[in-house]
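Data first, discussion second: the structure below is written as structure tokens.
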Ligand code: 5RP
């Protein structure tokens, strides 16, 4: 990450932390941008004594939230969240997202869907005119169903590959014990169609298209400024 990108991520992290007030129940996102928000929120907890609870979207987010003094809860205890924050890999003009570079998309979507406000934190490089040219679409799959799901993805026009571990032989295993197939498209012209097909495919647990979930988009600029947009 360049210094300019880090500055942009820090700016949106600090901005969303300033939107949080005492008593809120939060969704705590995964990834380097969400980490900036967790850090900034931790500083407010330490310096101002605000009290919040959070549902983590991954084991990684859980560990980081704990380190920064965020009290953890679960959807069993707190099914309705005031605000969830998370990063994204791509966001289009209709606020449809691709998420899941960190393979956390299934929990991230569950948590986002329970939040009154879902605040998406990106730098300018993530804002695209059309989805799926730069980033693959992660699809979380029950391991025994990987071959049939790959067939479905090919019929949708994708070039799918099983995500492999780094410093670990074999596939990446998600926090749910599933595999992730990265579907490389030459653009996704109709994300709603891809969503419908995938959710009807047995063996697909969930995927990284987030449709009609984001309520706010914070775009961090390299000069440290933040553009705040509401869903169109
Ligand atoms: C993890 C995600 C991340 O939120 C997304 O990949 C953005 O990550 P980063 O802020 O590190 O660029 O979806 O599954």
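The values are calculated or read from the model by the stated rules, or taken from the named source; none is laboratory data. Computed from a prediction, not measured in an experiment: that's the story for all the values here. No Cβ is skipped: glycine too gets one built from the backbone with ideal geometry, and neighbour counts run over all protein chains shown.
Some notes on this structure:
- Residues satisfying the stated conditions in the range 117-162, i.e. crowded, with 20+ Cβ neighbours inside 10 Å and closer than 11 Å to residue 183 by Cα: 132, 135, 136, 137, 138, 139, 140, 149, 152, 153, 158, 160
- Restricting attention to the range 117-160, the residues that are free of Cβ contacts under 8 Å to residues at least 24 places away in the same chain and either within 12 Å of the ligand (Cβ to nearest atom) or farther than 21 Å from residue 190 by Cβ (or both) add up to 1.
- If you check 224, 177 for being touching a helix residue (DSSP H, G or I) at 6+ places or on another chain (Cβ under 7 Å) and surrounded by fewer than 20 Cβ atoms within 10 Å (Cβ to Cβ), only one passes: 224.
- Number of positions in the range 7-20 that are in a loop (DSSP other than H, G, I, E, B) and out of contact with any helix residue (DSSP H, G or I) (no Cβ under 9 Å at 6 or more places or on another chain): 1
- For residue 84, the criteria (1) within 13 Å of the ligand (Cβ to nearest atom); (2) outside the structural domain of residue 37 (by TED's automatic domain parsing) hold in every case but one, which is (2).
- Complete set of residues in the range 46-66 that are more than 16 Å from the ligand (Cβ to nearest atom) and either touching a strand residue (DSSP E or B) at 6+ places or on another chain (Cβ under 9 Å) or under 26 Å from residue 139 (Cβ atoms) (or both): 51, 52, 53, 66
- Candidates 42, 69, filtered to the one that is more than 16 Å from the ligand (Cβ to nearest atom) and at positive phi: 69
- Exclusive hit being loosely packed, with under 13 Cβ neighbours inside 10 Å, more than 16 Å from the ligand (Cβ to nearest atom), outside the structural domain of residue 8 (by TED's automatic domain parsing) and at positive phi, set 203, 187: 187
- For beta carbons closer than 6 Å, sequence separation of 6+ or different chains, a first residue in the range 193-204 that is free of Cβ contacts under 8 Å to residues at least 24 places away in the same chain and a second that is surrounded by 17 or more Cβ atoms within 10 Å (Cβ to Cβ), the qualifying pairs are 195/209.
- Residue within the range 168-188 that is without any contact (Cβ under 8 Å) to a residue 12 or more places away in the chain and under 18 Å from residue 58 (Cα atoms) present: yes
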